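Reviewing the structure listed below.
Here, each number is a calculation from the coordinates, and none is a lab measurement. Please read these numbers as outputs of a predicted model, since none were measured by experiment. We place every Cβ from the backbone using ideal geometry, glycine too, and count neighbours over all the protein chains shown.
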Amino acid sequence: MEVMSSQRARMPYQLQRLLVVKRDGRQVPFDNQKIYQAVAKAVQEVEGQVTPERAEQIEQLLFAVEEEILGRFHTDIKIYEIQSIVEHQLLEENMGEIAKAYIHYRTQRDIERANATNINYRIQDLMMKEATIVNENANKDSRVFNTQRDLTAGIVAKSIGLKMMPPHVANAHQKGQIHYHDLDYHPYAPMSNCCLIDFKSMFEQGFKIGNADVESPKSIQTATAQMAQIIANVASSQYGGCSANRIDEVLAPYGELNRRKHQKMADQWIEDPAKREAFVIERTKKDIYDAMQSLEYEINTLYTSQGQTPFTTLGFGLGTSWIEQEIQKAILNVRIQGLGQEHRTAIFPKLVFTLKDGVNLHPTDPNYAIKQLALECATKRMYPDVLMYDKIVELTGSFKVPMGCRSFLQGWRDENGQEVNDGRMNLGVVTLNLPRIAIEANGNQETFWKILDSRLDICEDALVYRVERVKEASPENAPILYKYGAWGIRLNSEDSVDKCFRNKRATVSLGYIGLYEVAAAFYGPEWETNPEAKNFTLAIMKRLKQRADQMGDQYGYHFSVYSTPSESLTDRFCRIDRQAFGLVANVNDKDYYTNSFHYDVRKKPTPFEKIDFEKDYPAYCSGGFIHYCEYPNLRQNPKALEAVWDYAYSRIGYLGTNTPIDHCYECGFEGDFLPTERGFECPQCHNNDPKTCDVVKRTCGYLGNPQLRPMVRGRHKEISSRVKHIDDAGRFLAQVDADE
């Protein structure tokens, strides 16, 4: 897109003071460059390019527009008045076709704004299976009735929600400047996002679901059955993920109840002490395995009211008693075994194994053998991801697993000084489109910082609105959360739900996307090796963190910076920006924006190089982050993966594994299926039938089956790019061998 010269960009002083009244009521400084770009876009549409002669003609037209504005307006001017003047001048200059294109573009923008809140129009899109609606969430199968019903309800909620929120926030969301997440649930309903469920207190004190008063479980089988019911109810009462923190330690007391039952039976019937002990141990181990297998199957067969399997994360790895160790081993062995007769890879629950020096990191540690089992599981099923205990404490202030995919609570103590993690929650996310700001800045970093600050103002208003809206809920709206212990505090019906949120007990998240593209806009596509470019990206992160901390101190909730898992947002932001600005080299020319702070997926770093590059960022986005590395097939070489885990331990807090685990039941191939226009197919026999192949890919921090739930274009292309280069990960294996 052509832009004005810096000389023409200077405006008369009177125009610099003029305020433009936007459609949503906001007043912003007059910017003649926006007029230039709009006309240039119309020229491009009609003539294919903006020649130097046309550029000069547009500048002359801009002079005439400015003169008319100066003669008629002195303090403010409405946006439609500017557009009318531009249209008139285009016609005066005999640029009729360009005037038509300019008017058409403005009209289309108005229609798009109207359609965004037009329920009938959006439902028609759903009936026509418009991709941005039916493929928005890789965890939702849009073919089934209950998901279709939820998508229909979501369209209604989105349309109403856009009208409910502050107009300038809705406008920024529709333009793609920001993304107000989960509009299909919030603000239409005062629902919350993700949480760490307080299973410990619920098991100990009992709880209520529906008409049933549930007492404390008397066995580990009952405990996991109750856990599945709690997960289903919590997931239906919020819209984000839910996690079980330190599940091995939480469930161990109920495994001990099983052991005591077997001990009592053995004491009665078995005389030989050795046989008695062996009987107790074996029966307890079987109970534990059966309980964890039942939990795996129950979670994968649950459907919430949102029409999807609940996004569940199980964290484990720190317990050192033999029952805690058995729970850990059972979780991993159940996952390795797979689901059903075909032993398919389970998508949920997401497994997160904790590494800790002195517990399982080194061969001399008591749980080192379980680490080896976790490595085997990761090479075969991609999960578990791993948390580095010491680094998580350093980054977030206390240890806990993420809520769902990557959202981390920060360290917090109650009025008695007790550290509290379980029973806390996140109130929602608003994500900033960083590449859009870089495009608008047009190479000027001073302009970039100014635009960033103005967009952060909008994000602040959006996030504060999210908090205020959630506070309008009643405990009766979600009894499992507010009244029966999932969130730790048990409220009465007349209590304010803010008791669960205030004093920074809850987090609310400022997300971002496309840090790679921002640096590429200013420093070129190979900027990762340029220290100045990396420092620029870190300065952006520091600015976000500084603003979030200021908001937290001002409002009393923990505003956290969150590396957005931009599943469909990689496509949405890029698509909108291409419509607005055309193709911008190294920014929006690849159809998706890079997720989070990650190294460009098209590059070929070893895991060690990738970790070293990314390790500096989470200090400024501790509210949500994950790293993941690409590997070839590691089933025969788990030691290579262990080398990466050990290398990462002191450098990063949270690491996922991307390794080929696809399986073809027609020919027996195991490895990486190839992305094609028809979906993913076996490279050996070209099978792409979901019934006879198991295709599992990581989607923004969690696993998904793209054969059953097609991904949006951006994620498909990102994974396609990754697959093309996965063989280069062999270089990493050579490096491991050399190090050994």
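The calculated FRET efficiency for Gln636 paired with Glu256, based on their beta-carbon distance and R0 = 35 Å, is about 0.35.
Tell me the Kirkwood radius of segment 165-309: reciprocal of the mean inverse pair distance over distinct alpha-carbon atoms, in Å.
Values: mean 1/r = 0.0552 Å⁻¹.
Across segment 165-309, the inverse of the average 1/r is 18.1 Å.
Rounded to whole Å, the principal axis extents of the Cα atoms in segment 325-425 read 51, 33, 21, largest first. Percent of C-alpha pairs per 10 Å bin in segment 223-382, short distances first: 11, 35, 34, 17, 4, 0. The GluC sites (Glu not before Pro) of segment 230-338 that meet both conditions, a loop assignment by DSSP and at most 12 other Cβ atoms within 10 Å of the site Cβ, are Glu271. Take every Cα pair under 8 Å whose residues are at least 6 apart in sequence, average their separation, divide by the length of the chain, and the relative contact order is 12 percent.
Taking Cα atoms, how many degrees apart are the long axis of helix 713-725 and the longest axis of the chain, rounded to 10 and kept between 0 and 90? Its long axis makes an angle of about 70 degrees.
Can you tell me the order of 536-549, 59-72 when each peptide is scored by its average per-residue count of other Cβ atoms within 10 angstrom, highest first? Numbers along the way, then the final one.
Details: 536-549: 18.1, 59-72: 15.1.
Answer by packing, highest mean first, reads 536-549, 59-72.
Simple spin-label estimate for Gln205 and Arg578 gives 5.2 nm between the two label positions (7 Å along the Cα-to-Cβ direction from each Cα).
Peptide packing for 168-175, 690-697, 551-558 was compared via the average number of neighbouring C-beta atoms within 10 Å per residue; ordered from the highest value, the list is 168-175, 690-697, 551-558.
Counting only helical runs of four or more DSSP H residues, what would the 222 nm mean residue ellipticity of the chain come to if each run contributes -39,500 (n - 2.57) and the total is spread over all its residues? Present the calculation step by step, with values, prior to reporting the outcome.
Working: 27 runs with 365 residues, N = 740.
Computed ellipticity for the chain at 222 nm equals -16000 deg cm²/dmol.
The amide H of Ile209, built 1.01 Å from its N in the peptide plane, has Val214 as neighbours under 5 Å, considering only residues 5 or more places off or on other chains.
Taking every alpha-carbon pair in segment 465-530 and binning the separations at 5 Å intervals from zero gives 4, 15, 19, 14, 8, 5, 6, 7, 8, 9, 5, 1 percent. Let me know the whole percent of all Cα-Cα pairs from segment 245-329 that are separated by more than 18 Å. Value for segment 245-329: 52 percent of Cα pairs lie more than 18 Å apart. Take the Cβ-Cβ distance between Glu81 and Leu538 as r, set R0 to 35 Å, and report the resulting FRET efficiency rounded to the nearest 0.05. After rounding to 0.05, the efficiency reads 0.25.
Charging the Cβ of each Asp and Glu at -1 and of each Lys and Arg at +1, and nothing else, the dipole of the chain about its Cα centre rounds to 1060 debye.
Relative to the dominant Cα principal axis of the chain, helix 79-92 is inclined by about 50°. On the basis of the beta-carbon distance and an R0 of 51 Å, Ser398 and His74 show a calculated FRET efficiency of 0.35.
Each other residue within a Cβ distance under 13 Å of Lys380 adds +1 if Lys or Arg and -1 if Asp or Glu, for a net charge of 0. The modelled label-to-label distance between Asn492 and Leu91, using points 7 Å beyond Cα along the C-beta direction, is 6.9 nm.
The packing ranking, built from the mean of other Cβ atoms within 10 Å per residue, places the peptides 408-416, 394-402 in the order 394-402, 408-416, highest first. Where the alpha-carbon atoms of segment 559-636 are placed on the principal axes, they occupy 46, 35, 20 Å, in descending order. Restricting attention to segment 451-587, lysine pairs at least eight places apart or on different chains and with alpha-carbon atoms under 21 angstrom apart total 9.
Which net charge results for the neighbourhood of Asp549, defined as the other residues with beta-carbon distances under 14 angstrom from its beta-carbon, given Lys and Arg at +1 and Asp and Glu at -1? If you can, show how the numbers build up before the last one.
Values: positive: Lys504, Lys542, Arg543, Lys545, Arg547; negative: Glu460, Asp553.
Around Asp549, the charge tally is +3.
Here Lys697 is the anchor, and the lysines within straight C-alpha reach of less than 22 Å, apart from those fewer than 8 places off in the same chain, are Lys140, Lys350, Lys380, Lys590, Lys603, Lys604, Lys610, Lys717, Lys724. For Ile652, neighbours were defined as the other residues whose beta-carbon sits under 9 Å from its Cβ, and their charges (Lys and Arg +1, Asp and Glu -1) total +2. Averaging 1/r over each pair of different alpha-carbon atoms in the chain and inverting the result gives 27.6 Å, the Kirkwood hydrodynamic radius.
In this simple spin-label model, placing a label point 7 Å from the Cα along the Cα-to-Cβ direction at both Arg602 and Gln268 gives a separation of 7.1 nm.
For the Cα atoms of the chain, what angle does the longest principal axis make with the long axis of helix 730-739, in degrees from 0 to 90, nearest 10? Helix 730-739 and the main axis of the chain meet at about 60 degrees.
Principal semi-axes of the equivalent ellipsoid, √(5λ) from the alpha carbon gyration tensor of segment 600-666, are 24, 14, 12 Å from largest down. Note that segment 408-528 shows a convex hull volume over its alpha carbon atoms of 134 Å³ per residue.
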